[in-house]
Structure formats: structure tokens, C-alpha cells
Amino acid sequence: MMPAAERIRQLFHKRFGPLPLVGVVTTGALFILAAIFENWISGVAVPYFLAGVRSLLALPVGVFGLLFFALLIAGVLIALAGASRMGTALRAWLERDRYAAPAVPVITAEEQTSIH
């Protein structure tokens, strides 16, 4: 018999695939990177980011103009992704399990004998 831990691992792998393992590894890597770069992020990256946000907000178009351009760029990117061949193939791949397979017609006994 298999140990209980191996059966649980196989159950999770069959049910969820490798995604939980990828999540655990990614979380661990992000934790290590945050521990290493904590001083750099709080001392260098955040002030530059905040200065960039302040300079964007100080532009003459204002907040609503920036929001309009962000939505316009998002719409163009979505339209490009929807019109590309890869977008069409990805949409078909995502919808492959959405619809059930057509039901197989039930053959009665006399139909079965007439076929044979």
C-alpha cells in the first residue's frame, strides 16, 4: 500500500494539477526576494514610483484624461487580442469544456436486432 501522504499528493495532483506547487514555489521565491530587497524597495523604488505618480497627476489632462487614455489603450489591446489568430485559438481552447458532448441516441432492442 502507498503511504497516506503519497495518496494525498496524487489526489491533489489529479484534482488541481501542478498549480498548487507552482503557487507555493512562487510564494516562497517572492518571500525570499522581499526579504533581500526590502531596504531597496522602501528606500529607492517607492519614492521614484510616488514621484512618477505625482508627475502624471500634474499633467494638464488631469485624472479623468489619464483614465480615458488608460481605458482607450486597454480597449485597443483587447481588440487586438480578440482579432488575432492566437486570441481565437485561445478562446476556442477555453470553451472546449463549457458545452457537453451531444447525447448518444438510445437504440431500442428491435432497432439493434434490425441492424444485426
> Which of L57, M86, P3 sits closest to the plus end of the dipole of the chain, meaning its Cα is farthest towards the positive end, when Lys and Arg get +1 and Asp and Glu get -1 on the C-beta?
Replying inline: L57
>> Suppose all protein chains stay in the model; what accessible area per residue would a 1.4 Å probe give for the chain, in Å²?
In response: 93 Å²
>> Of I36, P102, F16, which is farthest towards the positive pole of the chain's charge dipole, taken about the Cα centre with +1 and -1 on the beta-carbons of Lys, Arg and Asp, Glu respectively?
In response: I36
> Going by a ≥ b ≥ c, the root eigenvalues of the Cα gyration tensor, does the chain fall in the rounded group (a/c under 1.5), the prolate group (a/b larger than b/c) or the oblate group?
Replying inline: oblate
> Ignoring ligands, DNA and RNA, what percent of the 1.4 Å accessible area of segment 13-116 is carbon and sulfur?
Replying inline: 74 percent
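The values are calculated or read from the model by the stated rules, or taken from the named source; none is laboratory data. Model, not experiment: these values are computed from the prediction. With ideal geometry, Cβ positions are generated from the backbone for all residues, glycine too; neighbour counts draw on all protein chains shown. Accessible surface areas use protein heavy atoms only, side chains included; no ligands, DNA or RNA. Shrake-Rupley method; radii C 1.70, N 1.55, O 1.52, S 1.80 Å.
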